[in-house]
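Coordinate-derived values only; no laboratory data. If you're wondering where the values come from, they're calculated on a predicted model, not measured in any experiment. As a convention, Cβ positions derive from the backbone with ideal geometry for all residues, glycine included, and neighbour counts pool all protein chains shown.
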């Protein structure tokens, strides 16, 4: 048996998130398990680099699995076969070889998310961005976002009753950028808590609407109380856009 990573992307609109669930088969993980097990003619279970919630998208996602099949032999053929058996909203981009102990979740050194807000109602982007009516003060939102670099405990933005052993994260980037009618928030960290990005965005939007100032945003972080932060923004605007692994992690492959 050898361990492989697949690099993929998916539109999460039709799925109840990444993770296999007891009450539905409509998850990305389950869809991949069924496809890989069928084409490789053996039971296959994929482990993802993270867990996206219902409706959240991934432009860059990694998952690992074990198989007795040599997937590096005619790799392009395998990528084609996999994609040909997957629905149109999931696409495999690469197959990568790793050491037998490689783990897509625990070996990742950073992850990056984007949140997309649209300022104009767009019927062709209803599943890809959150429509926000009215002005947003982007400069104030960026001032508040910079406060995130001063902290590591983000309990105030963590979903309660999770099994996370710590609420500490190291944030490397947090910035809003205006792109025509779109407002895009990019945030990178060594790890993220469940629902953390959507809670941060909701609280920063409160800053942009003038409901909260930068000092108030800082006080929310220090309170370590989720009920003090803003609401979790809708899932359709959230994208996992990059996952990084240590240099030389992939065998015989330049990432």
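The long axis of helix 138-147 is offset from the longest Cα principal axis of the chain by roughly 70 degrees. Think of it as helices only: each DSSP H run of n ≥ 4 in the chain is worth -39500 (n - 2.57), and spread over all residues that comes to -7000 deg cm²/dmol at 222 nm. Taken over the C-alpha atoms, segment 2-106 has Rg and Dmax values of 12.8, 37 angstrom.
Could you tell me how many degrees, from 0 to 90 and to the nearest 10, lie between the Cα long axis of helix 28-40 and the main elongation axis, the longest principal axis, of the Cα atoms of the chain? The helix 28-40 is inclined about 10 degrees to the chain. Springs join every pair of Cα atoms under 10 Å in this Gaussian network model of the chain, and among 20, 28, 207 the largest mean-square fluctuation is at 20. In segment 110-241, Rg over Rh equals 0.94, where Rg is the alpha-carbon radius of gyration and Rh the Kirkwood radius from pairwise Cα distances.
Translational diffusion of segment 1-53 was estimated from the Stokes-Einstein equation, with Rh taken as the Kirkwood radius over Cα pairs; at 10 °C and 1.306 mPa s the coefficient is 134 µm²/s. Here the simple spin-label model places points 7 Å from the Cα toward Cβ, and for residue 13 and residue 179 these points are separated by 1.8 nm. Dividing the radius of gyration of the alpha carbons in segment 51-96 by their Kirkwood radius gives 0.99 for Rg/Rh.
Each label was represented as a point 7 Å from its Cα along the Cα-to-Cβ direction; for residue 139 and residue 227 these points are 3.7 nm apart. For the chain, the relative contact order works out to 24 percent when only alpha carbon pairs closer than 8 Å and six or more residues apart are counted. Per residue, the convex hull spanned by the alpha carbons of the chain comes to 139 Å³. In the chain, the longest principal axis of the Cα atoms and the axis of helix 75-85 are about 70 degrees apart. A Förster distance of 30 Å, applied to the separation of the beta-carbon atoms of residue 2 and residue 88, puts the FRET efficiency at 0.55. Highest mobility in the GNM of the chain, judged by mean-square fluctuation with C-alpha springs under 10 Å and restricted to 14, 145, 58, is found for 14. Once the Cβ-Cβ distance of residue 39 and residue 105 is raised to the sixth power relative to R0 = 25 Å, the FRET efficiency obtained is 0.60.
Taking every DSSP beta bridge that has both ends in segment 110-241, the antiparallel portion is near 90%.
For the chain, modelled as a GNM with alpha-carbon contacts under 10 angstrom, which of 22, 74, 206 fluctuates the most? Its mean-square fluctuation being the largest, the pick is 22.
A simple spin-label model places pseudo-atoms 7 Å from Cα toward Cβ; at residue 209 and residue 124 they are separated by 2.9 nm.
Counting only DSSP beta bridges whose two residues both lie in the chain, roughly 90 percent are antiparallel.
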